[in-house]
Amino acid sequence: MSKNYRAELTGVFGDPVDGNPSGVMEEAGYEALGLNYRYITMKVTKDGFPDAMKAVRALNMRGVNLTMPHKIAVLPWLDELSQAAEIIGAVNTVVVREDGTLFGENTDGKGFVEALERAGESVEGRRVTILGAGGAARAIAVECALAGAVKVTIVNRTLSRAEELAALIREKTPAQGEALAWESRIAVPADTDILVNATPVGLAPDSDALPEIDYDTVTDRMVASDVVFNPSRTRFLEEAGKRGAKTVSGLGMLACQGARNFTLWTGKEAPLEIMEDKLREEFAGE
Ligand code: NDP
């Protein structure tokens, strides 16, 4: 039998993209399963994006992740979207199907919900309060609402963005959506079950930074979860943990969304723990 020396190609398009750690975890997964797949981290500018999307087909790629500034720009290139990606209005994962058509998914929010489930927490019937109204907040809000959260409250510095996201939740999902202006040291709504930091506050190298909320309103019946994955134990999680809240790190969310991408591209169950350990190892020295 002749050997196959051709690698299956996946990767990420973004700008800036140098600090994106996805390749480390995806390639650890490919290696663990003995798959001849590669994940390439590629700088693709806004101007270069149309050519890069043509290259996805020309190079017979299996799929790509998209990060800033391409998550919305990719929409016209896709043949089909998942329900969540359609509501969110942004795609972070493109899959090239057998027939050459392009499918768009958003795995960020699904990764968030799955990381909570791995920690023994379901969003079903719960009230979720999200700090931030950007891309990550949008994906988390929509997936929580689709997974059965009864209420999603968005707290954001720019109130209009919180209002827009809350309206999206009310109109496109069965959950209630509410917006709050983020005033300094804002109290966490008392009915919150799951509190999420979906801002970049606390991300290395500014790991001393702390989202400005009144931590004394966090209680031991809340779950606190962060999107920031480096460091994995953020000050936000530390402070919430001190008040008795159960904490779930952004590293788990990153690994879970990466595992979903892996399965979408390879059709195989992802070695989630190996991928998560690799990420942990990657950030350990920082
Ligand atoms: P965006 O730029 O789209 O949104 C950022 C949000 O944070 C906005 O709502 C912004 O408020 C708010 N914000 C920014 N700085 C502050 C501040 N100092 N105080 C209060 N609010 C602030 O970013 P993304 O949503 O794409 O990403 C957010 C974070 O999520 C990043 O750190 C990213 O790395 C992480 N992430 C993690 C993932 C994971 O798997 N763990 C997946 C995806 C993202 P305003 O609207 O007022 O400007």
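The values are calculated or read from the model by the stated rules, or taken from the named source; none is laboratory data. It should be emphasised that the depicted structure is a prediction, and the values quoted were computed from it without experimental measurement. So basically every Cβ, Gly included, is an ideal-geometry build from the backbone, and we count neighbours across all protein chains shown. Accessible surface is based on the protein model in full, side chains and every heavy atom, while ligands, DNA and RNA are left aside. Shrake-Rupley method; radii C 1.70, N 1.55, O 1.52, S 1.80 Å.
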Does E178 fit the bill of being exposed (fewer than 15 other Cβ atoms within 10 Å of the Cβ) and farther than 24 Å from A284 by Cβ? no
Given the conditions (1) surrounded by 15 or more Cβ atoms within 10 Å (Cβ to Cβ); (2) in a helix (DSSP H, G or I); (3) not basic (K, R), and given that E273 satisfies all but one, which numbered condition is not satisfied? (1)
Could you list, in sequence order, the residues of region 227-286 that are of a type in the set (D, E, K, R) and at positive phi? none
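Would you pick out the residues in region 174-192 that are touching a residue at least 60 places away in the same chain (Cβ under 8 Å) and under 13 Å from I154 (Cβ atoms)?
Scanning region 174-192 gives P189, T192.
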Which ones in region 105-120 are within 16 Å of the ligand (Cβ to nearest atom) and over 23 Å from L180 (Cβ atoms)? E105, N106, T107, K110, G111, E114, A115, E117, R118, A119
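Okay, residues lined up against (1) open to solvent by 60 Å² or more (accessible area, probe 1.4 Å); (2) more than 15 Å from A7 (Cα to Cα); (3) in contact with a Ser or Thr (Cβ under 7 Å, 6 or more places away or on another chain):
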{"residue": "E27", "(1), (2), (3)": "yes, no, no"}
{"residue": "Y37", "(1), (2), (3)": "no, no, yes"}
{"residue": "M42", "(1), (2), (3)": "no, yes, no"}
{"residue": "M53", "(1), (2), (3)": "no, yes, no"}
{"residue": "M61", "(1), (2), (3)": "no, no, yes"}
Say whether the condition of being within 30 Å of A190 (Cα to Cα) and at pLDDT 95 or above is met by at least one residue in region 87-96. yes
What is the one condition in (1) more than 9 Å from the ligand (Cβ to nearest atom); (2) open to solvent by less than 50 Å² (accessible area, probe 1.4 Å); (3) touching a residue at least 24 places away in the same chain (Cβ under 8 Å) that G134 does not satisfy? (1)
Give the residue that is farthest from the ligand (Cβ to nearest atom), with candidates limited to residues of region 240-261 that are open to solvent by less than 30 Å² (accessible area, probe 1.4 Å), in a helix (DSSP H, G or I) and farther than 19 Å from K278 by Cα. G241
Please work out which residue is nearest to the ligand (Cβ to nearest atom), limiting yourself to region 198-221 and to residues that are closer than 21 Å to A139 by Cα and open to solvent by less than 40 Å² (accessible area, probe 1.4 Å). T199
